[in-house]
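Undergrad: Please see the structure below; I have some questions.
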Amino acid sequence: MDITIHSSFLPHNDPDAALAFYRDTLGFEVRKDVAYQGMRWLTVGPADQPDTSIVLHPPAAAPGITDEERRTIAEMMAKGTYGMIILATADLDGTFERLQASGAEVIQEPTMQPYGIRDCAFRDPSGNHVRINEVR
């Protein structure tokens, strides 16, 4: 089989803050910025990976979600336990310093994990867990 990852989805509760983090702080390019019925979907990704994207979406837009589920999602987003993505960089220390200087919320400084990966972690403006692995 020939299968690739095309898009992954992360919720946002503030499209402008999400855009500033993913475009301005992480340096991703904006591929789409779509507004519909007072909501906004942003598609971003690394410039050198045009076929791989992250879609930042309003969590309340999913069909079939109950009001109780919306409240649960909002609570989990506030705690940083709802969405997660793992990125990779060859310069973990430089990336960490740039993100820390931007004011991004640090979860974990660069650390060698017991499972053999050196990484760090942040929260994006919506509370999503953003972990960055070092690749060599």
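Yes/no per residue for (1) closer than 17 Å to LEU19 by Cα; (2) open to solvent by 80 Å² or more (accessible area, probe 1.4 Å):
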site	(1), (2)
ASP51	no, yes
ALA60	no, no
THR95	no, no
ARG98	yes, yes
ASN128	yes, no
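Undergrad: Confirm whether ILE107 is out of contact with any Gly (no Cβ under 7 Å at 6 or more places or on another chain), in contact (Cβ under 8 Å) with a residue 60 or more places away in the chain and in a strand (DSSP E or B).
TA: The answer is no for ILE107.
Undergrad: For the list (1) more than 13 Å from the chain's Cα centre (by Cα); (2) surrounded by fewer than 14 Cβ atoms within 10 Å (Cβ to Cβ), I need the number of the one condition that THR89 fails.
TA: (2)
Undergrad: When you go through ALA74, ALA61, ALA47 one by one, which is the residue that is farther than 21 Å from ASP14 by Cβ and small (Gly, Ala, Ser)?
TA: Working: ALA74 fails: farther than 21 Å from ASP14 by Cβ; ALA61 fails: farther than 21 Å from ASP14 by Cβ.
Among ALA74, ALA61, ALA47, only ALA47 is farther than 21 Å from ASP14 by Cβ and small (Gly, Ala, Ser).
Undergrad: Hey, can you tell me all the residues within the range 62-86 that are more than 22 Å from GLN49 (Cβ to Cβ), open to solvent by 90 Å² or more (accessible area, probe 1.4 Å) and touching an Asp or Glu at 6+ places or on another chain (Cβ under 9 Å)?
TA: Within the range 62-86, just TYR82 meets the criteria.
Undergrad: Can you tell which of ILE86, ILE73, ILE117 is of a type in the set (Val, Ile, Thr) and in contact with a helix residue (DSSP H, G or I) (Cβ under 8 Å, 6 or more places away or on another chain)?
TA: On inspection, the qualifying residue turns out to be ILE73.
The values are calculated or read from the model by the stated rules, or taken from the named source; none is laboratory data. On a predicted model such as this, the values are computed, not experimentally measured, just so you know. Note that each Cβ is placed from the backbone with ideal geometry, even for glycine, and that neighbours are counted across all protein chains shown. We work out accessible area using only protein heavy atoms, side chains counted, and drop any ligands, DNA or RNA first. Shrake-Rupley method; radii C 1.70, N 1.55, O 1.52, S 1.80 Å.
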